1. Under a Cβ-Cβ cut-off of 14 Å, what is the net charge of the residues other than F86 that fall near it, where Lys and Arg count +1 and Asp and Glu count -1?
2. Convex hull volume of the Cα atoms in segment 4-422, per residue, in Å³?
3. Report the extension gain between N223 and I237 in nm, rounded to one decimal, defined as 0.36 nm multiplied by the number of residues separating them, less their alpha carbon distance.
4. Of Q50, Y109, T64, which is farthest along the charge dipole of segment 38-113 in the positive direction, counting Lys and Arg as +1 and Asp and Glu as -1 at C-beta?
5. Rounded to the nearest 0.05, what FRET efficiency is calculated for D280 and V245 with R0 set to 41 Å and r the Cβ-Cβ distance?
6. Please sort by residue number the trypsin sites (Lys or Arg not before Pro) in segment 118-186 whose DSSP state is loop and whose Cβ has at most 14 other Cβ atoms within 10 Å.
7. Testing the spin-label approximation: label points 7 Å from Cα along Cα→Cβ at F178 and I37. State their distance in nm.
8. Binning every alpha carbon pair distance of segment 185-228 at 10 Å from zero, what are the percents per bin?
Amino acid sequence: MNIIKMNDNGFKFDKNFFIKLIFIISYFTLVIGIETIYRENLFKYSMEVQIVLSKEYSGKLSQTSLFKFNKFITSLGTMPFFIAIFVFIFLFFPINRPYLFMSNLFHSYYWVNLMKIIYGNPRPYWMDSLIENTCNGGFGNPSGHAFCSTSVFLTTALIVTQYRYFENKLFLKLFIYFVFISVIILIIISRLILGAHSINQLIYGTLLGFGCYYIHCHLFLLNKISPFSFFNLFKQINLTVLFFVKYIIMISTLMIVYFQTKKIYDLERKNYDPIVHRCDKAEYRLYSEDGLFNALALTSLIGMHLGLIFFTNFINKHYKNNEIEVYNWSFNHDKKITLIYKLILMVFGGLPLLLFFLIPNNTNINVIFIFKVSIPFFLATFLIFGPCSRIFVEKRWARQSIYSINDVKLGVSEMSSFKSEKR
């Protein structure tokens, strides 16, 4: 039963929602509380295991097939691969599904990096030069790969298996979940072998990532809300204000934590510098700076929200009688060329991300934070979910059935085709 229902004033929640809310609050309280108990002992044990592994390969781990395989596996838990999954979901699923995916992704990036700044715990290879380094510069606890991979891949499995094709295919659904969970486990193991994280950091990241997934998909049920009800979110002024208050709080919290802890870590980082700087990484990819850089990707949430407000207002104005059909739009299976159009629009919308590569790494660090991450991610998500989505509908590249027969742009042959579909 759907615990979230839409009325004229927005969302209302029944008692099942509050039961789940109590569960997830208790879950996070337990996970965060217990972490302090096992952190130190598991970190020491993990160091012993990783030192033994490095000694076994006599400092030549980076030249082995094992290392290369794990480097490949660990790349599956990074932003480029997640963006590739987003492209697939955006191309083939109704537009509320890619929103769910991106919301999960960027909330994961925000929270894991905020917590890294708060804890300021070192990575294993910082503590002993015997552990072959993988040149990760930010703090290690919790593991970002474990957190984001758990949250994102579980969400992806849920989105994919809810496609109508899998409706009566239980075995296939279980197989897909098995594949995604296996990938999560392999990524976690790869981070341990590469010396990037300790066992406690990986366990902590995994548990937190599951909580983020649960909030999106099982507490607020963003995967089950109908597209029409979902888009009503972006017509509610009160809810929009509430969302942006949340974004302001998130940004403010991030900046306060960053500047308050920076003073402490600037004094302590000299203990890690000799090992960390073997990687010759840019300043913005070290310590708290790396955490702030990655967490600022939360501007994507703001861009995505504004883009959907833009798109919803367009649909409400031009396709008011066909809103449900528009919000369910996907590429027109009868005209495969529309898939190419949609992909081209996504590439166009993602052009601001080129700033990441154009801004030199030795630029002023504040310029990097603003123009290398904050603005590019904001503009990219705004363009993709807003103007690019509008163009796709406006240029009649979506399903023909979403267009009203009263649309003056319809030609005689198109109108006849539309009427035939309706019959």
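Computed from the coordinates by the stated procedures, all read-outs in this text should not be read as laboratory data. It should be emphasised that the depicted structure is a prediction, and the values quoted were computed from it without experimental measurement. Note that each Cβ is placed from the backbone with ideal geometry, even for glycine, and that neighbours are counted across all protein chains shown.
1. Around F86, the charge tally is +2.
2. In segment 4-422, the Cα convex hull volume per residue is 163 Å³.
3. Answer, rounded to one decimal: 2.8 nm.
4. Of the options given, the answer is T64.
5. Efficiency, rounded to the nearest 0.05: 0.50.
6. Passing sites in segment 118-186 are K169.
7. 3.4 nm
8. Computed distribution, short to long bins: 25, 34, 23, 14, 3.
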